[in-house]
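The values are calculated or read from the model by the stated rules, or taken from the named source; none is laboratory data. The structure presented is a predicted model; accordingly, all values stated were derived computationally and were not measured. All Cβ positions, even for glycine, are placed from backbone atoms using ideal geometry, and neighbour counts span all protein chains on display.
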Amino acid sequence: MSLSVRILGILALFALFLLSGCATQGLSSKDQDATGDLGSEQKESPGALYVEMGVAYLREGQTATAMKKLKTAISIDPENAEAHNVIGIVYERLGEMKLAGEHYANAARLQPQDPYIRNAQGSFFCKQGQYEKAELEFESALSNPLYPTPWVAMTNAGLCAERNGDLVKAEKYYRRALTANEKYFQALYKMMELSLDQDKPLSARGYLERYNTVAPATAASLLHGVRIEQKLGDQQQALRYRALLLDQFPDSPEVQLLHQSEQK
């Protein structure tokens, strides 16, 4: 699977988890290998070029053209799991959930051990409110020892747990993601938010400072900075965050929220 397609699959929010992976009597050596196609040489699919073109058009925001290329890839090679996975992402973005689900299922059937595919399908299940199914998909993604970016799936699993109202489980996943990659910006941001919600402003400050070293400021992160420093009593730093917010994002909803809070 090409790196560009894998990255796209990663960015389609979100998922992870650890299956036991115990070998049982009667399974073939292929069934026992948790690495799937990540650990073997693969023949180039005749539809691969069209998948790459589809991804490129998606990056340029040309969704209609991307869809045409992906459909061509599938018509040329109906067994191309990458094509099914990426077109599933496109259909999901377009709100065509039935078609998205069908293509995700096809991708998982064709490459059941591919962590990028399981992660994308887990994210899809989560958005449908099927949290148990989502968790199983995330676990399946993480069970592959060759998965190079497990912190992405871990963070997605945390997002899903948070969406399901389980903040304890969400925090465990975010911490796990940061253990795997201490600089992963999404996990840092979510831990900052959780710390702030738990009235732990000092911890929230630490996560925000780490986030600021690896990712550009957003209107939301700057507003969080204002709130964190106000809680800690550092008015000078709060004013710095405030000035950056007003200067860089003057028309953002966060500026309106800032003004509303100041009027109370």
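So that you can scan it fast, the table gives a plain yes or no per residue for (1) in contact (Cβ under 8 Å) with a residue 60 or more places away in the chain; (2) in contact with a Lys or Arg (Cβ under 8 Å, 6 or more places away or on another chain); (3) aromatic (F, W, Y); (4) outside the structural domain of E162 (by TED's automatic domain parsing):
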position: P201; (1), (2), (3), (4): no, yes, no, yes
position: Y207; (1), (2), (3), (4): no, no, yes, yes
position: P216; (1), (2), (3), (4): no, no, no, yes
position: A219; (1), (2), (3), (4): no, no, no, yes
position: L223; (1), (2), (3), (4): no, no, no, yes
position: R227; (1), (2), (3), (4): no, no, no, yes
position: K231; (1), (2), (3), (4): no, no, no, yes
position: D234; (1), (2), (3), (4): no, no, no, yes
position: L239; (1), (2), (3), (4): no, no, no, yes
Q: Could you give me the residue pairs with C-beta distances under 6 Å whose first residue belongs to the stretch 187-199 and is under 20 Å from A153 (Cβ atoms), whose second residue is small (G, A, S) and surrounded by 19 or more Cβ atoms within 10 Å (Cβ to Cβ) wherever it lies, and which are 6+ apart or on separate chains?
A: A187/A177
Q: Please find, within the stretch 81-137, the residue that is surrounded by the fewest Cβ atoms within 10 Å (Cβ to Cβ) out of those that are acidic (D, E) and within 21 Å of P150 (Cα to Cα).
A: E132
Q) For the stretch 152-193, what are the residues that are surrounded by 24 or more Cβ atoms within 10 Å (Cβ to Cβ), in the same structural domain as S123 (by TED's automatic domain parsing) and not polar (S, T, N, Q)? A) V152, A153, M154, A157, G158, C160
